[in-house]
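Structure first, then comments.
Just so you know, all these numbers are worked out from the coordinates, no wet-lab data involved. Predicted model, so just to flag it, every value in this text is computed and none were measured. Glycine gets a Cβ as well: all are built from the backbone with ideal geometry, and neighbour counts include every protein chain shown.
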Amino acid sequence: MMQAYGQLSSHPHKNVTPMDTHLIQNEIVRKAFEAWQRADTAAWFSYFTPDATLLDDGHPRDFQKFSTEAIGRERFTRLDKVEADGTHLYGQFHSDTWGNFKTYFKFRLTPEGKIEQLEIGQADY
């Protein structure tokens, strides 16, 4: 289990709940998710191809810029469901900028086991 929070900042994160990341069956996705949650940018990037792409609600965005800006300021507060052999994650999410909402992270991996695409967006489930 790991705690669901990012880097400590000027405000305390209340109601931090443990998440059982073993629900994420895909080991690469689980490790990337855990890196995101603990705000470990270097580890996060290590699971992706150098030319990884990002789709945000279906719109292309700069993956490197998004990751650098969001890690430590955005995090899952609860993992609600895992689908597609552990590559699609849905849960409650907190953004220091946008507040709290349901979101999804969908990871697409290469045959070699690196993440080549991340799709993110607001979820409706």
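A few comments on the model shown:
- When the trypsin sites (Lys or Arg not before Pro) in the stretch 11-107 are filtered for DSSP coil states and for at most 15 other beta-carbon atoms within 10 Å of their beta-carbon, the remaining sites are K14, R73.
- For the stretch 16-73, a Kirkwood hydrodynamic radius built from all Cα pairs, placed in the Stokes-Einstein relation at 20 °C and 1.002 mPa s, yields a translational diffusion coefficient of 173 µm²/s.
- With kT/(6 pi eta Rh) evaluated at 25 °C and eta = 0.890 mPa s, and Rh the Kirkwood radius from Cα pairs, the stretch 86-125 diffuses with a coefficient of 221 µm²/s according to Stokes-Einstein.
- Cleavage-rule hits, GluC sites (Glu not before Pro), the stretch 24-125, DSSP coil, Cβ neighbours within 10 Å at most 15: E112
- Dipole of the chain [Lys/Arg +1, Asp/Glu -1 at C-beta], most positive-end residue of T77, Y104, F48: T77
- With the simple model of a label 7 Å out from the Cα in the direction of the Cβ, E112 to D80 spans 3.6 nm.
- Highest-MSF residue in the chain out of D40, D56, D96 [GNM, Cα springs under 10 Å]: D96
- Percentage, to the nearest whole number, of Cα pairs in the chain over 20 Å apart: 37
- Only helices enter this figure: runs of n ≥ 4 DSSP H residues, each worth -39500 (n - 2.57), summed and divided by the residues of the chain, yield -5500 deg cm²/dmol at 222 nm to the nearest 500.
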